[in-house]
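These notes concern the structure reproduced below.
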Amino acid sequence: MSFMDTPSWGYERPDCIGDHALALFIDDVQRVLDHYMQTSGTPETRVLQAQATANKLLKAYENNARKTTAFTGQSIEIKLVSTSQSEPQWVPLFSPGLKQALKKLLDRSQGTPTH
């Protein structure tokens with residue numbers, strides 16, 4: 001069974017609707033990153049594997065999320081970013097449209113205006 005066949009992904013849930021689909025997506029992206037950060041292999045290979053999985057995940061949300069177009073025509077890029085820590089950090093970079101949808105969700109969840 002492959003990693004993407006694991007049951008209970010957000011896009012499989014009946015409540016994968018509207019803004020809640022975005023929240024489920026963020027949880028699933030973190031799940032992908034956590035998985036590939038812990039697997040064996042070179043960091044570069046693991047990032048490529050995480051990227052392929054993230055691409056499939058985004059497509060699954062585009063196909064399955066209801067009452068939202070937040071995922072349509074969007075992309076995600078998984079990058080390794082060097083910091084002062086010894087291990088590079090894994091960072092998901094979202095396309096502008098997806099980033100804007102996520103920002104709106106965050107703003108609403110905080111209930112405060114963004115500066």
Any hit, the stretch 42-60, residues being modelled with pLDDT under 95, assigned to a loop (DSSP other than H, G, I, E, B) and over 15 Å from the mean Cα position of the chain (by Cα): yes
Every pair of residues 6+ apart whose Cβ atoms lie under 6 Å, when the first sits in the stretch 84-101 and is touching a residue at least 12 places away in the same chain (Cβ under 8 Å) while the second is among the acidic types (Asp, Glu): LEU93/GLU77
Residue list for the stretch 59-115, restricted to those being among the small types (Gly, Ala, Ser) and within 23 Å of GLU44 (Cα to Cα): SER75, SER82, SER84, SER86, SER95
Test: residue in the stretch 60-69 that is more than 13 Å from CYS16 (Cα to Cα), loosely packed, with under 14 Cβ neighbours inside 10 Å and not aliphatic (A, V, I, L, M): no
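Which of the residues belonging to the stretch 1-21 are closer than 26 Å to LEU105 by Cα and modelled with pLDDT under 90?
Correct list: MET4, PRO7, SER8.
Tally time: how many residues in the stretch 73-87 are of a type in the set (S, T, N, Q) and within 17 Å of the chain's Cα centre (by Cα)? Spell out how you get there, then give the answer.
Within the stretch 73-87, the first condition is being of a type in the set (S, T, N, Q), and the residues that meet it are 74-75, 82-86.
Right, trim to within 17 Å of the chain's Cα centre (by Cα) and you get 74-75.
Count: 2.
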Near pairs, Cβ below 8 angstrom, 6+ apart or cross-chain, from the stretch 22-41 (free of Cβ contacts under 8 Å to residues at least 24 places away in the same chain and under 19 Å from SER109 (Cα atoms)) to any residue that is open to solvent by less than 50 Å² (accessible area, probe 1.4 Å) and basic (Lys, Arg): none
Filtered residues of the stretch 70-96 (kept if outside any strand (DSSP E or B), touching a Ser or Thr at 6+ places or on another chain (Cβ under 7 Å) and more than 29 Å from GLY18 (Cα to Cα)): PRO88
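May I ask you to say which residue of LEU102, LEU98, LEU80 is at pLDDT below 95, within 16 Å of ILE26 (Cβ to Cβ) and surrounded by 12 or more Cβ atoms within 10 Å (Cβ to Cβ)? Steps first, answer last, please.
Working: LEU98 fails: at pLDDT below 95; LEU80 fails: within 16 Å of ILE26 (Cβ to Cβ).
The unique qualifying residue is LEU102.
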Single unsatisfied condition, SER82 versus (1) in contact with a Pro (Cβ under 6 Å, 6 or more places away or on another chain); (2) under 21 Å from LYS104 (Cα atoms); (3) not acidic (Asp, Glu): (2)
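The values are calculated or read from the model by the stated rules, or taken from the named source; none is laboratory data. Computed from a predicted model, the values in this text were never measured in an experiment. Cβ coordinates were reconstructed from backbone atoms using ideal geometry, including for glycine residues, and neighbour counts include every protein chain displayed. Ligands, DNA and RNA are excluded from the accessible area calculation, which covers all protein heavy atoms including side chains. Shrake-Rupley method; radii C 1.70, N 1.55, O 1.52, S 1.80 Å.
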